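Let me begin by presenting the structure, written as structure tokens, before commenting on it.
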Amino acid sequence: MKKVYLFHLSVLIYILFMHVTQETFSFMGLNVFLAWLPFIFAQLFLDLENKGRWLFMPLWLLFFPNTPYLLTDLFHLASLQIYQAGGHFLNTTSDWWAYLTLLLPVLVMVFSGMAQVFNLFSAIKLSRGQKIGSFVILSLLSSIAIYLGRFARIHSIELLVHPVTVLKLLLGDWPVEKIQFVLIFSILQLGIWGLIYFLQRGSQEE
């Protein structure tokens, strides 16, 4: 339990730090906050033992895509002046600190949030086949949400505020590029879940 509190405290400190002190990648404070919400909702679902805990499941599902969405923020690293043409690297301290403040939270939040899905599916008592199917469906849904967030600039909360508009975007045109993006990010998420599964299995065997 202490580890969980330490995790939440670290995330809160990071959010405040990025919002108050940083100019480079300051948007990461908001993005990490949005990725933090599904972790909180899932934790509440896992900790509570009454029927009211099921209220947190749709909230978790609504905000979960913000977790793998962080992977798209890695492209902002291209704005740094570290890598130069010809394979040369510059030892610019400010850029390396910016590199740290973007990469570390992405790794921590993505792997923590996606690892938590295993705990949720176990708590719901899904069978092995149901778990596999749920992972596939969840990866597809979140990939579609990531596409809308990155290219149509639609945020999770807009599904509640402007549901008709969001549904039109979901059911609207599906060009080849959109299908390929959803497929790519679905495979990426399933790959991460596969890695987490084998890491967890390996630690249990030890």
For segment 162-206, average projected area of the Cα convex hull in nm²
4.5
Helix-only mean residue ellipticity at 222 nm for the chain, each DSSP H run of n ≥ 4 adding -39500 (n - 2.57), per residue, nearest 500:
-24500 deg cm²/dmol
What is segment 1-136's relative contact order, in percent, from Cα pairs under 8 angstrom and six or more apart in sequence?
23
Per residue, what volume in Å³ does the Cα convex hull of segment 1-110 take up?
104
Row for segment 1-63, column shape: gyration tensor on C-alpha, a ≥ b ≥ c, rounded if a/c < 1.5 i.e. under 1.5, prolate if a/b over b/c, else oblate; value oblate
Residue-ordered couplings for segment 46-61, obtained by feeding phi - 60° into the Karplus form 6.51 cos²θ - 1.76 cosθ + 1.60 and rounding to whole Hz (Gly and Pro as x), are 6, 7, 7, 10, 9, 5, x, 5, 5, 5, 7, 5, x, 5, 4, 5
Kirkwood Rh for segment 104-206 from C-alpha pairs, in Å, is 15.3
I need the calculated FRET efficiency for the pair W174 and L199, taking r as the beta carbon distance and R₀ as 25 Å, to the nearest 0.05.
0.10
In whole angstrom, how far apart do the alpha carbon centroids of segment 185-201 and segment 25-89 sit?
17
One-quarter of the Cα convex hull surface for segment 74-125, in nm²?
4.5
Sorted largest first, the C-alpha extents of segment 86-158 along its principal axes in whole angstrom are 51, 28, 27
Normalized C-alpha radius of gyration of the chain, against 2.2 N^0.38 Å?
1.10
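Pulled fully out, how much extra length does the chain show between K51 and L104, if you take 0.36 nm times their separation in residues and subtract their Cα-Cα distance?
Going from the current span to full extension adds 15.5 nm.
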As I understand it, the dipole of segment 144-206 uses +1 on the Cβ of Lys and Arg and -1 on the Cβ of Asp and Glu, about the Cα centre. Which of A145, W174, I187 lies farthest toward its positive end?
W174
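Each reported figure results from applying straightforward, stated rules to the coordinates on display, with no laboratory input. All figures in this text were calculated on a predicted structure; none of them were measured in a lab. For neighbour counting, all protein chains shown are included, and Cβ atoms are generated from backbone atoms with ideal geometry for every residue, glycine included.
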